[in-house]
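**Q** Have a look at the structure that comes next, please.
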Amino acid sequence: MPRPPAASETPAIGDAFVRRLLPWFDRNGRHDLPWQHPRTPYRVWLSEIMLQQTQVATVIPYFLKFLSVFPSLPALAAASNDAVMAQWAGLGYYARARNLHAAAQQCVALHGGELPRDIDALHALPGVGRSTAGAILSQAWNDRFAILDGNVKRVLTRYHGIEGFPGLPAVEKVLWALAQVHVEHVPAGRLADYTQAQMDLGATVCTRNRPACVICPLQEDCVARREGRSGQLPTPKPGKVLPEREAVALLLRDAQGRVLLQKRPDTGIWAQLWTLPQAESGSALQDWFDAHVLGSLDDAEELPVLQHTFSHYRLHLQILSRRVDGLRSDDPGLRWVPVQELPSLGLPAPIRRLLESGSVPRVPATRRKLRAAMTSKNTE
């Protein structure tokens, strides 16, 4: 079981790590990221949320576009949910966008429209964990707070030879203690650089696969390097097979060519996004269609099965396409959307790609399994 460093070990541990890392960052670190110029609290916060589980190269265009629409925290707080989700669409992990929006509104209500310069108040905001709060404080204000994102966990695990999956509470407790030891040795005024340096080292040198140990500034004291265990650390998360799920969705158009979209619930997959009407079975979708839509699903086209992998399961989505006559009643959760207005709504990335792809080939007539399931009602 890993243990926190003893008091007698902490000076050498922290000093050597910081002393070697900062000069490396000055020469080789990333100094031209858009959220660094200017490095305001709002821009740092936005970048930290976007960078959760997403690489820098992917985030940069989303960050710039998002900032052009919501240039300040009050502007974000005043926006509608649909407007926020539309700018986030395609970036994935949509709970981040919902929490970002809610946190902005909370800052307006409780903190005068600014991010609070307080670790507890920051941590209390939706979507802001301990590491994110530390990253905001250290980068926006040069305050002395440690971080422990995925890159930093990997660096510390190898440098100190810490075994055990870093996501386990006991291992994470040790890593936090080490991170705090290191940050105490950072010169005043360099906390922002130090925070970025750790992330840069993990992203560009101490990478998950094939780390470049021969050019690492920390190699002299790195336990994993010295013991030849860079490939074994961090200890991998115990593997599991992703479950497979199937569902059915409807791509319905009216006489004007508009697409019928449905607002997803506040929780669950694609929460609060607009997407195609969907059900877990063909018969359930047929029942929904009969209750809400004027028309028939006879001769509907079966589009190629859409596959999308979430963090906890893999979805196989069969989509039926049909032109229909309209809706049976007004439902605020349903909306006919002209094709040219689709970019203004928050749509799941796979659904957006489907709608932007244009025409798709008809599935051969021999594939009737799903159609049979939809036309057959429960006969128990």
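The values are calculated or read from the model by the stated rules, or taken from the named source; none is laboratory data. Just so you know, these numbers come straight off a predicted model, no measurement behind them. Virtual Cβ from ideal backbone geometry, glycine too; neighbours counted across all protein chains shown. Surface accessibility is based on the protein's heavy atoms, side chains included, excluding ligands, DNA and RNA. Shrake-Rupley method; radii C 1.70, N 1.55, O 1.52, S 1.80 Å.
**Q** Would you kindly find the accessible area of residue 229, with a 1.4 Å probe and non-protein molecules such as ligands, DNA and RNA excluded, rounding to the nearest 10 Å²?
**A** In the full protein context, residue 229 sits at about 50 Å².
**Q** Quick check: convex hull of the Cα atoms in region 289-333, volume per residue, rounded to a whole Å³? Present the calculation step by step, with values, prior to reporting the outcome.
**A** Details: hull volume 4.7 nm³, N = 45.
Given the Cα convex hull of region 289-333, per-residue volume reads 104 Å³.
**Q** Okay, moving on. Of all the Cα-Cα pairs you can form in region 119-252, what percent are over 27 Å apart? If you can, show how the numbers build up before the last one.
**A** Numbers: 2606 of 8911 pairs.
In whole percent, the share of Cα-Cα pairs in region 119-252 beyond 27 Å is 29.
**Q** Once the dipole of the chain is set up with Lys and Arg at +1 and Asp and Glu at -1 on Cβ about the Cα centre, which of 233, 259, 136 lies farthest towards its positive end?
**A** 233
**Q** A further question on this structure: Classify region 214-258 from the C-alpha gyration tensor, please: rounded if a/c falls under 1.5, else prolate or oblate depending on whether a/b exceeds b/c.
**A** On the way: a/c = 10.22, a/b = 2.86, b/c = 3.57.
Note, shape of region 214-258 comes out oblate.
**Q** Which percent of Cα-Cα pairs in region 205-299 sits in each 5 Å bin, short to long?
**A** Result, from short to long distances: 2, 9, 14, 13, 9, 6, 5, 6, 7, 8, 8, 6, 5, 2, 0 percent.
**Q** Sticking with this structure for a sec: Over all Cα pairs of region 1-149, how is the pair count split among 5 Å bins, expressed in % and running from 0 up to the last occupied bin?
**A** P(r) for region 1-149, in whole percents per bin: 2, 9, 16, 21, 19, 13, 8, 7, 4, 2, 0.
**Q** Could you work out the relative contact order of region 110-170? I mean the mean sequence separation of Cα pairs under 8 Å and 6+ apart, divided by the number of residues, in percent. Numbers along the way, then the final one.
**A** Working: 35 pairs, mean separation 11.2, N = 61.
About 18 percent, as a whole number.
**Q** How big is the gap, in Å, between the Cα center of region 313-355 and the Cα center of region 37-94?
**A** Taking the Cα centre of region 37-94 as reference, the centre of region 313-355 is 24 Å away.
**Q** Per the Debye formula with a single identical scatterer at each Cα and no solvent contribution, what log10 I(q)/I(0) holds for region 191-349 at q = 0.15 Å⁻¹?
**A** The calculated log intensity ratios at q = 0.15 Å⁻¹ are -0.84.
**Q** Also, quick follow-up: As a test of reading the structure, rank 193, 32, 26 by solvent-accessible area (1.4 Å probe, protein chains only), most first. Walk me through the numbers on the way to the answer.
**A** On the way: 193 40, 32 125, 26 80 Å².
Result, largest first: 32, 26, 193.
**Q** Can I ask one more? Please check: in the Gaussian network model of the chain (C-alpha springs, under 10 Å), which one of 178, 250, 110 has the largest mean-square fluctuation.
**A** The residue that fluctuates most here is 110.
**Q** Ordering 216, 107 by accessible area with a probe of 1.4 Å, largest first, what comes out?
**A** Descending accessible area places them as 216, 107.
**Q** Right, here's the next one. Would you calculate the volume per residue, in Å³, of the smallest convex hull containing every Cα atom of the chain?
**A** Details: hull volume 69.5 nm³, N = 380.
In the chain, the Cα convex hull volume per residue is 183 Å³.
**Q** Please tell me the relative contact order of region 236-281 in percent, rounded to the nearest whole number, where contacts are Cα pairs under 8 Å and at least six residues apart.
**A** Details: 49 pairs, mean separation 17.9, N = 46.
For region 236-281, the relative contact order is 39 percent.
**Q** Next question. What size of dipole, in debye to the nearest 20, comes out for region 123-215 about its Cα centre when the only charges are +1 on Lys and Arg C-beta atoms and -1 on Asp and Glu C-beta atoms? Could the numbers behind the result be given before it?
**A** Working: 9 positive and 7 negative charges, 43 e Å.
So the magnitude is around 200 debye.
**Q** Here's another thing I want to ask about it. Using a 1.4 angstrom probe and counting only protein chains, how large is the accessible area of residue 40 in Å², to 10?
**A** The accessible area comes out at roughly 50 Å².
**Q** Show which aspartates and glutamates lie in cross-link reach of residue 237 when reach means a straight Cα distance below 19 angstrom and same-chain residues fewer than eight apart are skipped.
**A** 149, 163, 172
**Q** Please compute the volume of the convex hull spanned by the alpha-carbon atoms of region 47-120 and report it per residue in Å³. Mind dumping the intermediate values first?
**A** On the way: hull volume 6.9 nm³, N = 74.
Convex hull of Cα atoms, per residue: 93 Å³.
**Q** For the chain, what's the relative contact order in percent, using C-alpha pairs closer than 8 Å and at least 6 residues apart? Could the numbers behind the result be given before it?
**A** Details: 557 pairs, mean separation 66.8, N = 380.
Averaging sequence separation for qualifying contacts and normalising by length gives 18 percent for the chain.
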